[in-house]
Every structure is written in C-alpha cells, then in structure tokens.
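Take a look at the structure below.
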Amino acid sequence: MLFTNTLREKFFQSAYLEVTLIMITYFAIGFLTDPNDICMINTKFSVLTFTLALITLFHGILPGVYAILLFGVVMRVGYETFDYIYFLREFVLVLVFGEFHYYWDQKILKQKVEWEFTNKRVAELGKAFYMLKVSHDQIEKSYVVKPMSLRNAIYSIKEKFTSKESKEGYIDFLLLIKKTLTIEKAYLVAIDEDGESFEILSQSNEKDLFDSKDPLMRDTLLRKMPLYVSDGEKYQSSRYLAVIPAVTQNKVVGLLAIEEMPFLAFNRDNLISVSILINYLFFEIEKIKILKTIKDFLPFFRDNFRFECYRLHQIELHHNVASSILVFKTKEPIVTHLLREEIHMHLRTLDIKTELQTEAFDVTAILFPLTDKISIEGFIERATNKSAFSNENLEYSSFLLSELDLMKAYIGLT
C-alpha cells in the first residue's frame, strides 16, 4: 500500500506526462473504434468532454488547455476540415472546468491551513493545560516542602532563555524534570533540521557519552513519537529506557533520552508528563527565537499576542487566508473595566486578547485567527450590548493583518 501511494505521488508530479498518456490512449481508442474518426467527434456520447473534465478538474486549467491543444493538433492533421465550432465549444468547457478547479482548490487550501493552525493551537493549549495539571498535582503532593509550583519553576527557567543564560536554563530544566518525576540519569538533546547533528544541551553526568546510534534513538527520530524499551524485543539491547521527542511542524527538534529511572516511577503518567514538558519547552524556545527576530513587529503589544499575529500574518502572506484584529479604544476607566469583562465572557478558545495604555486612551485588541472582518460583527454586537457603552466613550474598528499600518495609525502609534 505504501509502495502504491509513493508510486502514485511520483507519477502525479508530472501532470503533463499523465495528460499526454491519457490523450494518446484516447486517440488509440478512437483509431481502433473508427480509423476515420480518431478524435471520436461523431460519437453519440461526447467522450472528449468527459476526458477533458477529468483532466481539468484533477490537474487544473493549464493541463486542460494542453489536452485540448493536443486534440486540436490531431484533429487538424487527421481530418479534411477542422471543426472550429466543436473545438471552441470544448475549449470553453475547459475554461469553465478550470475555473471550478481553481475555486475548489482554493477552498481546500483554506480549509487545510485552518485545520493545521487550529490543530497546532489546540495541541499547544493542551500541553499548557496539562502542564498546569501536573503543576497542581505536585503542589498537592508536596506543597509544604516545595511551595513553588512546577509552572512557576518553568516560568523562571523560560526567563533565562530570553537572556544569555540559556545554558543554565537547560541545566535547570533537566534538574527540574529529574526531581519532579524521579529520573536518575537522562540527556536533553537538540537536533538540527537534517536530523543528523545532535547537540547535548544538558546531561546528568558530564562524563557519560551520548549514543546517537542507539536503535531506540534512531527509531524515535524516524517515527517521531515516544518509544520505550517495552515497545518491542528489538529494543531490549537499547541503552535507554525511553526516548521522548519534541516535534514541531512535523520535525523532531529535540529529545529527552532516559537512561536510568526507578521501576515504580517508570509508568505511563510520568512518561506522558515528560513528553508534555519536553514539547512545551522546545516550543517556547522556538517562540523566543522568533520573537528575537521580529523586534520591530508590533513592539507595543505583549509577546504572546505579537507571536500569534506574526504566525497568522505569515499564513495570510503565503496562503491568502485572512485573520483580523478588533481594536477598542476607551477613555474612562470604568468603561474599560466593563468592556474587558464583556470581552472575556465572549472570547473563543483560539481568540487572543491584549491590552495597551496610551496617553489619550486605553486600548483593548483582540486577534481572531483565520477570521475576516465581516465574521466578527456578531462579536462586536455581543461585547458592546450594554447601556454603559456609547459612541462618546467607546470607539472600535477592525483590521485585517494585511492592514497593520492602518491599525497602528488608528491607535496613534505610527
């Protein structure tokens, strides 16, 4: 099955080769049926229309035009008179089919981008919420001895990655995982884009050597999922008990290799917790790297809001899928308070809110991922449906991410 799919993908990479073969088959059938009507023009059922429809709807307008041109060349050579009416009729149908293919393809692309972004955001939120759960579990177990929660510890470690103490951040993170989940010996490793070069970020014992050729290690990189010694007999010779990867955009960017761990602590819950924490760490590191490269991108907003705006802005540039920002401006503190309460009540899971205070007014901005301006009118009506709001004390406007300069002018921060 895998071989068939691979062969099909390679074959479909050359649309014009496929169209050529289809049209040769078409003419061969026509010749065998009636040598005097090789293009099958005089048949009761228009085989050509059906063939062109399949080609154009599957591959698009250019392969469809290529097919009709091949048909025109054969008809010009194989017939005494060239039937212009028949040819133009089929050509118009190709254009119609091509337009349908374009809009359908754009719709599929938009749905795919929306699904990928939504799936990614849900996964990120799931990891954050699970980390919060682990944090609360740790507080319940040992809050007298360790009053500092896991979430606060992670936050303090993240602060080191924003400075020049990133090496210490990795060391502290590994130490935190060891203490929290009772791991005795482990390696925290970063992996480059080709998946061949490994960088040891932190390890339990500096004298130990990391084995990148270990079978459990290589299979983890190949399958992009956590693997344990109990997953198969071929891993019984592995040096590691478990290898847990951090996957970002379908690429393994890092991993944690556990070499020694108490038997009672080696359970599903602890390994799931490690997987969540590792993925969360590398996502935050990637996020910090991106934020460092976009210092001039909406610098007056909070980092999390800026990061999501940038990510959605890139989607809009490359895939033409719009996202919107709704900006509220208020001058009275009580109006600002009431408005933000209403906004909080009506926000969806994927919507992101940030706040900003200027000399003239308070700004509340909301990012609506993969949503155009028309679609947020209902939210505006729900959020401003109070007698305390009026045109005098509340202003608002919505902007696409392609209109960021206009938004900055509206806020007065150009």
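The values are calculated or read from the model by the stated rules, or taken from the named source; none is laboratory data. The structure presented is a predicted model; accordingly, all values stated were derived computationally and were not measured. So basically every Cβ, Gly included, is an ideal-geometry build from the backbone, and we count neighbours across all protein chains shown. Surface areas here come from the heavy atoms of the whole protein model, side chains and all, with no ligands, DNA or RNA. Shrake-Rupley method; radii C 1.70, N 1.55, O 1.52, S 1.80 Å.
Each label was represented as a point 7 Å from its Cα along the Cα-to-Cβ direction; for Gln357 and Ile24 these points are 7.5 nm apart. Among the listed pairs Lys160/Lys224; Lys120/Lys353; Lys167/Lys292; Lys112/Lys251, a Cα-Cα separation exceeding 25 Å is found for Lys160/Lys224. Taking the charge dipole of the chain about its Cα centre, with +1 at Lys and Arg Cβ atoms and -1 at Asp and Glu Cβ atoms, the residue from Pro245, Phe173, Met217 reaching farthest to the positive side is Phe173.
Take the Cα of Lys289, go 7 Å toward its beta carbon, and the backbone nitrogen atoms of the range 311-335 under 19 Å from that spot belong to 311-312, 314-315.
So if we plug the beta-carbon distance of Gln236 and Phe100 into 1/(1 + (r/R0)^6) with R0 = 60 Å, what FRET efficiency do we get, rounded to 0.05?
Here the calculated transfer efficiency is 0.60.
Extent of the range 259-414 along its three principal axes (Cα atoms, max minus min coordinate, largest first): 67, 34, 30 Å. In this rough spin-label picture, where each label sits 7 Å from Cα along the Cβ direction, the Ser397-Ala409 distance is 0.8 nm. A DSSP coil position with no more than 11 other Cβ atoms inside 10 Å describes the following trypsin sites (Lys or Arg not before Pro) in the range 303-354: Arg348. The gain in end-to-end length when the Asp269 to Lys179 segment is fully stretched comes to 30.9 nm, 0.36 nm per residue minus the alpha carbon separation.
Of the heavy-atom accessible surface of the chain (probe 1.4 angstrom), what whole percent is carbon and sulfur? Don't skip to the end; give the middle numbers.
Numbers: 13830 of 24020 Å².
Carbon and sulfur: 58 percent of the exposed surface of the chain.
For the chain, the spherically averaged projection of the C-alpha convex hull amounts to 31.4 nm².
The distance from the alpha carbon centre of the range 72-101 to that of the range 174-250 is 61 Å, rounded to a whole number. Using the alpha-carbon centroid of each, what span in Å lies between the range 330-363 and the range 18-36? Spelled out, the Cα-based centre of one part sits 67 Å from the other.
Quick check: residue separation of Glu116 and Phe300 times 0.36 nm, minus the Cα distance between them. What number comes out in nm? Display every interim value, and only then the final one.
Numbers: separation 184, 0.36 × 184 = 66.24 nm, distance 2.83 nm.
Computed gain between Glu116 and Phe300 is 63.4 nm.
Given a Förster distance of 41 angstrom, what is the FRET efficiency for Thr162 paired with Asn385, based on the Cβ-Cβ distance and rounded to 0.05? Walk me through the numbers before you get to the answer.
Values: r = 40 Å, r/R0 = 0.98.
With a Förster radius of 41 Å, E is 0.50.
Could you let me know the centre-to-centre spacing of the range 45-68 and the range 283-323, using Cα atoms, in angstrom? For the range 45-68 versus the range 283-323, the Cα centre distance is 42 Å.
Rolling a 1.4 Å probe over the protein heavy atoms gives the chain an accessible area of 58 Å² per residue.
Counted without the sites themselves, the longest stretch of the chain free of GluC sites (Glu not before Pro) in a DSSP loop having at most 16 other beta carbon atoms within 10 Å is 207-358. Think of it as helices only: each DSSP H run of n ≥ 4 in the chain is worth -39500 (n - 2.57), and spread over all residues that comes to -19000 deg cm²/dmol at 222 nm.
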